[in-house]
Amino acid sequence: MPILFRPVYSVDNPHWVPALRAGLADLDMRIWPDVGDPSDITHMVAWKMFPGDRTAYPNLRAVLSLSAGVNQYIGHPEFPHPAKLIRMIEPGLSSGMVDYVTSYVLRFHRDHDLVQAGGSTIPWGGIMPTLAKDRVVGIMGLGEMGGACARALAALGFRVRGWARTHHTIEGVGVYAGHDQLPHFLNGCDILVCLLPLTPDTENILSRDLFAQLPRGASLINVARGKHLVEDDLIPALDSGQLRMAALDVFRTEPLPPDHPFWSHKQILVTPHIAAITIPETGVAAIRQAIMMLDRGEDPPGLVDFERGY
Ligand code: GLV
């Protein structure tokens, strides 16, 4: 069962190659460009597809994505159909996302940015805080990471609501499903977190029209994909006061170009796509489990439905 890994990022050789070699030591692990005979390769561990991938490995059975988001493979002309695609589900990603999202929710909830910007003009002891129980946080997307964030924020005492394509049940979280319920979900969200998969249905969902349905002064956290956000709609929404703050980890063009207006806008906090990173140790365990399950003819967690788009 020869497995091919193609390093792409700077973390790959120092972190992923040793973790894959250790965690899959009993399997035939090959690191690109040392592919050997390409017709041997049955599984590929990858961040994305490359030119030639569709035909180079005629016996490929599965692509194991190192990322949770798989929009880069769906519809890609080099995806080697009929191979299966497995998106990454592993506890390190969810844990990192919970840290990131809760940190920005707390920052916006306690108005840290306004208080710090006010400096010495803020009266000592003069601010009555809103408590978490009176703050509504809305999570769009209730998959592995959205669900984990919803539970963590509910445990911190926030009024958490979630919106997803289909109905979910999460204790302590009010769940809204489908486009019909989107306006009810948005109405009242003080802080909106986007953790949706990127599909034709969700692309451009963070738009002027959506912002107008939030309470005035709401804040936005986008940790899903850059294409969820209509970038040209964000700055007018912030400048008009409809939105108060935005924390963005993902962008249409990454790295975010140095002259992009998001860098200098005082109400936008930019981070370089670091909200949640797949952790090699736990990621390799998930890859191993998926390979074993596929070998037994079972559907592993994260098996992608190409029609649905994730
Ligand atoms: C990160 O963006 C991921 O999809 O894992």
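The values are calculated or read from the model by the stated rules, or taken from the named source; none is laboratory data. Predicted model only: the values in this text are computed from it and were never measured. Glycine also receives a Cβ, built like all others from the backbone with ideal geometry; neighbour counts cover every protein chain displayed.
In the set Val250, Val223, only one residue is in contact with a His (Cβ under 8 Å, 6 or more places away or on another chain) and either closer than 24 Å to Asp180 by Cα or within 16 Å of the ligand (Cβ to nearest atom) (or both); that residue is Val250.
Of all residues in segment 236-254, those that are within 14 Å of Leu210 (Cα to Cα) and part of a loop (DSSP other than H, G, I, E, B) have Cβ atoms under 7 Å from Cβ atoms of residues that are at pLDDT 95 or above and not hydrophobic (A, V, I, L, M, F, W, C), 6 or more apart or on another chain, in Gln242/Arg216. Of everything in segment 58-73 that is surrounded by fewer than 20 Cβ atoms within 10 Å (Cβ to Cβ) and away from the ligand (no atom under 11 Å from the Cβ), the residue that is nearest to Trp47 (Cα to Cα) is Arg61. Inclusion of Ser39 among residues that are within 16 Å of the ligand (Cβ to nearest atom) and either surrounded by fewer than 15 Cβ atoms within 10 Å (Cβ to Cβ) or basic (Lys, Arg) (or both) is not warranted.
Restricting attention to segment 255-285, the residues that are assigned to a helix (DSSP H, G or I) and either in contact with a Pro (Cβ under 6 Å, 6 or more places away or on another chain) or away from the ligand (no atom under 14 Å from the Cβ) (or both) add up to 4. Out of Val105, Val137, I need the residue that is β-branched (Val, Ile, Thr), away from the ligand (no atom under 16 Å from the Cβ), under 21 Å from His168 (Cβ atoms) and without any contact (Cβ under 8 Å) to a residue 60 or more places away in the chain. Which one? After ruling out the rest, the residue left standing is Val137.
Exactly one residue out of Pro215, Pro197, Pro183 is part of a loop (DSSP other than H, G, I, E, B), in the same structural domain as Tyr104 (by the TED database), more than 25 Å from Arg110 (Cα to Cα) and modelled with pLDDT of 95 or more, and it is Pro197. Against the list (1) in the same structural domain as Gly75 (by the TED database); (2) within 14 Å of the ligand (Cβ to nearest atom), the condition Ile291 fails is (2). The single condition from (1) within 18 Å of Thr282 (Cα to Cα); (2) assigned to a loop (DSSP other than H, G, I, E, B) that Trp16 fails is (2). Can you say whether Ser39 is among the small types (Gly, Ala, Ser), modelled with pLDDT of 95 or more and in a loop (DSSP other than H, G, I, E, B), as far as the supplied structure shows? The answer is no for Ser39. Within segment 175-182, not a single residue is among the small types (Gly, Ala, Ser) and within 19 Å of the chain's Cα centre (by Cα). Being in contact with a Leu (Cβ under 9 Å, 6 or more places away or on another chain), surrounded by fewer than 19 Cβ atoms within 10 Å (Cβ to Cβ) and on the phi > 0 side of the Ramachandran plot is a property that does not hold for Gly125.
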